[in-house]
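Colleague: Once you've had a glance at the structure underneath, I'll fire off some questions.
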Amino acid sequence: MLRTAVEYSGPISLRYPRGEGWGVTLDDETKSLEIGKAEVLREGGDVVIAAIGQTVIPALKAAQDLAPLGINAAVVNSRFVKPLDRELFRDLLTRVPRLITVEDHVIAGGFGSAVIELLADEGFSGVEVKRLGVPDRFIPHGTQDELRKMCGFDKDAIAQAVLQMVRRGKKRSREGWERGSA
């Protein structure tokens, strides 16, 4: 991401997380990223978890925890808030109409809001969306883990939000089928 910012000829805003990074295997040679392109880290057909920054690893772990329960969650490393990867979101949400966005900053006017604007601009309807992140209120001091848990976007909170969304969707489908067969 840093190389992409340095090589770009215009202004870029780059967020550095507080504390240590999660730790990933580094490539031998750094490469620029295509600006505005997200990456699908995990395919899934029940729900899409679109995460950004420090929330990507907890989103992946939540998806792994949900797999034994029969919930297949796609996980997207969104990488960019502006511009969003319209093509990727269009493709995924046409197939999977459930979306949870996860961000490690204020929800109001943040990444999740940008995704909702994209859905509106693209004319999407029928996509259930849940945004996880820092609520628009005073947040006391704490460790990163304490704050993520308190604000409801740690691994367990992500898994719980997915579980509730998928169960609600299955219940609606079952109720619709029961009404239709009566």
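Colleague: Applying the selection to region 70-91, what residues are over 25 Å from L14 (Cβ atoms) and either touching a helix residue (DSSP H, G or I) at 6+ places or on another chain (Cβ under 7 Å) or crowded, with 21+ Cβ neighbours inside 10 Å (or both)?
Modeller: Passing the criteria: I71, A73, A74.
Colleague: While we're looking at this one, here's another question. Say we look at region 120-140 and pick out the residues that are touching a Leu at 6+ places or on another chain (Cβ under 7 Å) and closer than 17 Å to A38 by Cβ; which of these is modelled with the highest pLDDT?
Modeller: Only one residue fits best here, namely V129.
Colleague: Just name the residue that is farthest from P83 (Cα to Cα) out of those in region 1-33 that are at pLDDT 80 or above and among the charged types (D, E, K, R).
Modeller: Only one residue tops the list, namely D28.
Colleague: Also, quick follow-up: Any idea which residue in region 123-166 is surrounded by the most Cβ atoms within 10 Å (Cβ to Cβ), counting only those that are acidic (D, E) and within 16 Å of I57 (Cβ to Cβ)?
Modeller: Taking the candidates together, the pick is D154.
Colleague: Just checking, does region 13-22 include any residue being touching an Asp or Glu at 6+ places or on another chain (Cβ under 8 Å) and either crowded, with 21+ Cβ neighbours inside 10 Å or assigned to a helix (DSSP H, G or I) (or both)?
Modeller: Checking region 13-22: not a single residue is touching an Asp or Glu at 6+ places or on another chain (Cβ under 8 Å) and either crowded, with 21+ Cβ neighbours inside 10 Å or assigned to a helix (DSSP H, G or I) (or both).
Colleague: Within the set of pairs 6+ apart or on separate chains, which have a first residue in region 62-79 that is free of Cβ contacts under 8 Å to residues at least 40 places away in the same chain, a second that is part of a helix (DSSP H, G or I), and C-beta atoms under 6 Å apart?
Modeller: The qualifying pairs are V75/A59; V75/L60; V75/A63; N77/V56.
Colleague: Would you mind listing the strands (runs of 3 or more DSSP E) fully within region 42-141 where at least 1 residues are small (G, A, S)?
Modeller: 47-51, 73-77, 128-134
The values are calculated or read from the model by the stated rules, or taken from the named source; none is laboratory data. Fair warning: this is a prediction, and the values are worked out from it, not measured in the lab. All Cβ positions, even for glycine, are placed from backbone atoms using ideal geometry, and neighbour counts span all protein chains on display.
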